[in-house]
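To start, the structure itself, in structure tokens.
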Amino acid sequence: MTDTKVLSAPHSMEFPYTRSTGPMVGAFLTGLRDRRVLGVRDSAGRVVVPPPEYDAATAAVLPADDLIEVATEGVVTSWSWNPKPRAGQPFERPFAWALVQLDGADTGLLHALDAPRESIRTGMRVRIRWADETVGYIKDIACFEPAS
Amino acid sequence: MRDVAVVSFAQSATRRDQTRNEVEILMPVLREAMAPTGLTTHDMGFTCSGSSDYLAGQAFAFVSALDAVGPWPPIQESHVEMDGAWALYEAWVRLQHGDIDTALVYAFGKSSPGDVGRVLALQLDPYVVGPLWPDAVSIAALQARAFLEAGHDEKDLARVVARSRRNAAGNPHAQLSGEVDEATLLDEPLYADPLRMHDCPPISDGAAVVVLAAGDRARELCERPAWIRGIDHRIDVQALGSRDLATSASTKLAGQKAGVGRVDLAEIHAPFSHQELIVAEALGLNESTTSINPSGGALASNPVMVAGLVRIGEAARRLSAGEGERAVAHATSGPALQQNLVCVLEAS
């Protein structure tokens, strides 16, 4: 047999559930819609961003009605280069991922960083670049960009 | 606690297997693991498997793998959507009940048909991380930088890779092996900066099978059983930015609970080179007295959902063969070493 054409058919995998984002993640996402970033203070006194519903050490419910606004600018605590962007990622060209500790927060927020590879350093100051339209979704943050 | 031992272990060769499906990969491995025990899968008191439906791209894909076991007439069976090491943990717990004496544990995974780096993004927080689709290599590279900038050198990563390839030369199941010079490795370009391509695992398909037995039954089935002296698993906080990526608190705690102590050999499930160093440090291992990853580890072959169980099987097999008296095996799950299992084994 010389014809090696393989039969194929589309197979789309999905789990079409509707989920509530809950009091904490919902408040965080609503904050993004308003171009504000919210965190919560955990049992160790750290301001955690994004805010979790439960304390990582004690499992106590954290106060969704007592969220703390942090800055939209901060510092890179770690970063990596993504040479092979994949479907759904923030950029279609090679780009950096960064963990960014926003001023006022004690933890890192993961997102893309739009800056030339050779300019990126741990410790560099970056700020949020907002999406043109914010809807209450993590992609309301388009990416981070150098702060100066 | 009831004494439970690994009495048999088998694994497939790992490679990109384009001709066989999961059941076809698993069946000969099952047969090979059962053979020395003289038992059949139907003699097993309990059967537990580890795999991921996301790799197969089909809900309840693990059910079809039961065709390899032959679940009729009905058997007592369970499954974890985790590496097979956690299936072994469930089987160990099940054996503690005391009403059965044997258990079959298996794991299988085909990473090659899809984009495993992207599939693994589905295990991330679905609200604030998942929508960005950060792939497994990018996340590992974030961890590698945190590790390097905490006072480690990229030469340490090259040393891990060179040792893995060298050790894997004696492992017929490994995918990547051979003599490589550390300086040559460091001359290679950065891929996912700060990682080079060789700091990342190969794409592997494979399966592994472990037979467990309790007490006297273990001594009947195996000349030198590898007894499980301690087993524990712990998890770190989900958010990548909320923990110290340069260390592994969950591995350290699991190691303390399992009672690692002095070991002749260690099999560490570290798909990325820096992760082996993080785990070794958390377990308090010293390479001058402990042989680390004599099989080559997950850098030499990394069948996802299988590679952790292989670490336990490799450690047990080596103890049963007289290569040592006490070993530790480690398995990991989740992004950047989020969840870790530690199993201490002894044979004499």
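The values are calculated or read from the model by the stated rules, or taken from the named source; none is laboratory data. None of the values given here were measured: they were computed from a predicted structure. Cβ: placed from backbone, ideal geometry, glycine included. Neighbour counts: every protein chain shown.
Taken over segment A:14-36, the criterion of being exposed (fewer than 12 other Cβ atoms within 10 Å of the Cβ) and among the hydrophobic types (A, V, I, L, M, F, W, C) is satisfied by A:15 alone.
Taking segment B:121-147 as the range and being more than 7 Å from chain A (Cβ to nearest Cβ) and either among the aromatic types (Phe, Trp, Tyr) or closer than 25 Å to residue A:51 by Cβ (or both) as the test, the residues that pass are B:121, B:122, B:123, B:124, B:125, B:126, B:130, B:139, B:143, B:147.
If you go through segment A:101-130 and keep only what is touching a helix residue (DSSP H, G or I) at 6+ places or on another chain (Cβ under 8 Å) and under 24 Å from residue A:67 (Cα atoms), you end up with A:101, A:107, A:108, A:109, A:110, A:111, A:130. The lone criterion from (1) within 12 Å of chain B (Cβ to nearest Cβ); (2) at pLDDT below 95; (3) within 18 Å of residue A:106 (Cβ to Cβ) left unmet by residue A:6 is number (3). Among the numbered conditions (1) part of a strand (DSSP E or B); (2) touching a Leu at 6+ places or on another chain (Cβ under 6 Å), the only one that residue B:342 does not meet is (2).
Using the structure shown, decide if residue B:151 is away from every other protein chain (no Cβ under 14 Å), in a loop (DSSP other than H, G, I, E, B), farther than 30 Å from residue B:7 by Cα and more than 17 Å from the chain's Cα centre (by Cα). So residue B:151 fails the test.
For segment A:77-99, a tally of residues being assigned to a loop (DSSP other than H, G, I, E, B), within 8 Å of another protein chain (Cβ to nearest Cβ) and closer than 16 Å to residue A:129 by Cβ returns 2. Just a yes or no: is a residue in segment B:220-228 in contact (Cβ under 8 Å) with a residue 40 or more places away in the chain, touching a strand residue (DSSP E or B) at 6+ places or on another chain (Cβ under 8 Å) and closer than 30 Å to residue A:54 by Cα? No, that holds for no residue.
On inspection, residue A:56 passes the criterion of being crowded, with 18+ Cβ neighbours inside 10 Å, within 10 Å of another protein chain (Cβ to nearest Cβ) and either among the basic types (Lys, Arg) or more than 15 Å from the chain's Cα centre (by Cα) (or both). If you go through segment B:140-156 and keep only what is in contact with a strand residue (DSSP E or B) (Cβ under 8 Å, 6 or more places away or on another chain) and crowded, with 19+ Cβ neighbours inside 10 Å, you end up with B:140, B:141, B:142, B:143, B:144, B:145, B:146.
The number of residues in segment B:13-39 that are in a loop (DSSP other than H, G, I, E, B) and at pLDDT below 95 comes to 8.
I want to confirm something. Restricting to segment A:41-72 and keeping residues that are in contact (Cβ under 8 Å) with a residue 12 or more places away in the chain and touching a Phe, Trp or Tyr at 6+ places or on another chain (Cβ under 9 Å), which single residue is farthest from residue A:100 (Cα to Cα)? By that ranking, first place goes to A:60.
Would it be correct to say that residue A:39 is within 11 Å of another protein chain (Cβ to nearest Cβ), at pLDDT 95 or above, surrounded by 15 or more Cβ atoms within 10 Å (Cβ to Cβ) and not in a loop (DSSP other than H, G, I, E, B)? In short, yes. Among the residues of segment A:9-36, those that are away from every other protein chain (no Cβ under 11 Å) and either touching a residue at least 40 places away in the same chain (Cβ under 8 Å) or of a type in the set (Val, Ile, Thr) (or both) comprise A:18, A:23, A:27, A:30, A:33, A:34, A:35. Checking each residue in segment B:180-223 for being assigned to a loop (DSSP other than H, G, I, E, B) and under 23 Å from residue B:12 (Cα atoms) picks out B:200, B:201, B:202, B:203, B:222.
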